[in-house]
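The structure appears right after this line, and notes come after that.
Every read-out reported here was derived from the displayed coordinates using simple, explicitly stated rules and does not represent laboratory data. Nothing here was measured: the structure is a model prediction, and the numbers come from that model. Note that we place each Cβ from the backbone using ideal geometry, even for glycine, and neighbour counts take in every protein chain shown.
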Amino acid sequence: MIDLVRAGGVYTVVGVLDDSLPVGSRVNGAPVLGGGALLPALAARGLRLAANAVGGIGNVRVRLHVFDLLEQAHLECPNLVHPSACVEPSAVLEGGVQVLAQSYISSEARVGFGTVINAGVVVSHDCHIGRCVNLSPGALLAGGVRVEDHAQIGMGATVNLNLTIGSGARVGNGATVKADVPAQGRVYAGTIWPPRPAAE
């Protein structure tokens, strides 16, 4: 959890909150201020922005819990876009979105609150990405793809044109998706979806 302050249009990290790290230690040069219990006090001191640094882990509830804590402290989550990423002007980022290095979000795409677009991801035109989705490095989404809330798409996975990845679905690394994936569905790493019928 990183608390931020706006300075001249740029966000400057002023500290990190982490329940498991000692106060005074550093994360990428930023000091650890304490644990999550400090959130109300920091908000009272005037901090208004925060970034949720819980990434694409197996249990999305952990990331959702951090967003709940930030909301309770009345902190806003800005969109964070790496300078080497490209977001087309007609694309919409709904807040708390993190777009990492060398990713591309194409025209008329919409990315829901709290989603992580990892390094080297392509979100093509007219895609609709839900809330708190995780797109792992190198994932490729063709045009018109819909990824519903809390889904996770693995590294180097490819999703074909106009498909839907259902809520909470997980697509493994290197998979190729050629049909809709149902809510809570699982596409295993390196496979093609849908599975081919077993030979008789």
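Around SER106, under 10 Å between beta carbons, what's the net of Lys plus Arg minus Asp minus Glu among the other residues?
On the way: positive: none; negative: GLU88, GLU108, ASP126.
Charge balance in the 10 Å sphere: -3.
Please list 180-192, 13-25, 155-167 highest first by mean number of surrounding beta-carbon atoms within 10 Å per residue.
Working: 180-192: 15.4, 13-25: 13.6, 155-167: 19.3.
Packing order, densest peptide first, comes out as 155-167, 180-192, 13-25.
Taking amide H positions as placed 1.01 Å from N in the peptide plane, with prolines and chain starts having none, which residues 5 or more places from LEU80, or on another chain, fall under 5 Å of its amide H?
Counting only residues 5 or more places away or on other chains, the set is VAL97, GLN98, VAL99.
Could you work out the relative contact order of segment 2-72? I mean the mean sequence separation of Cα pairs under 8 Å and 6+ apart, divided by the number of residues, in percent. Walk me through the intermediate numbers first.
Values: 87 pairs, mean separation 19.2, N = 71.
The value is 27 percent.
Provide, in order from the shortest bin, the percent of all Cα-Cα pairs of the chain in each 5 Å bin, continuing until the bin that contains the maximum pair distance.
Each 5 Å bin holds this share of Cα pairs: 2, 8, 15, 19, 17, 14, 10, 8, 4, 2, 1, 0, 0, 0.
For segment 110-147, which trypsin sites (Lys or Arg not before Pro) are in a loop by DSSP, counting at most 10 other Cβ atoms within 10 Å?
Those that pass, being in a loop and sparsely packed, number zero.
Rounded if a/c is under 1.5, else prolate if a/b is larger than b/c, else oblate: which is segment 2-72, with a ≥ b ≥ c the root eigenvalues of its Cα gyration tensor?
Working: a/c = 1.42, a/b = 1.26, b/c = 1.13.
Taking the square roots of the gyration eigenvalues as a ≥ b ≥ c, segment 2-72 is rounded.
How large is the dipole of the chain about the Cα centre if only Lys and Arg carry +1 and Asp and Glu carry -1, each at its Cβ, rounded to the nearest 20 debye? List each step's numbers first, then the result.
On the way: 13 positive and 14 negative charges, 48 e Å.
So the magnitude is around 240 debye.
How far is helix 60-72 tilted, in degrees, relative to the longest principal axis of the Cα atoms in the chain, given as a value from 0 to 90 rounded to the nearest 10?
40 degrees
If a paramagnetic tag sat 7 Å from the Cα of ASN173 along the Cα-Cβ line, which residues of segment 52-93 would have the backbone N under 18 Å from that point?
55-59
Restricting to Cα pairs below 8 Å that are 6+ residues apart, what does the relative contact order work out to for the chain? Please round to a whole percent. Before the final figure, lay out each step's value.
Values: 549 pairs, mean separation 19.6, N = 200.
Rounded, it is 10 percent for the chain.
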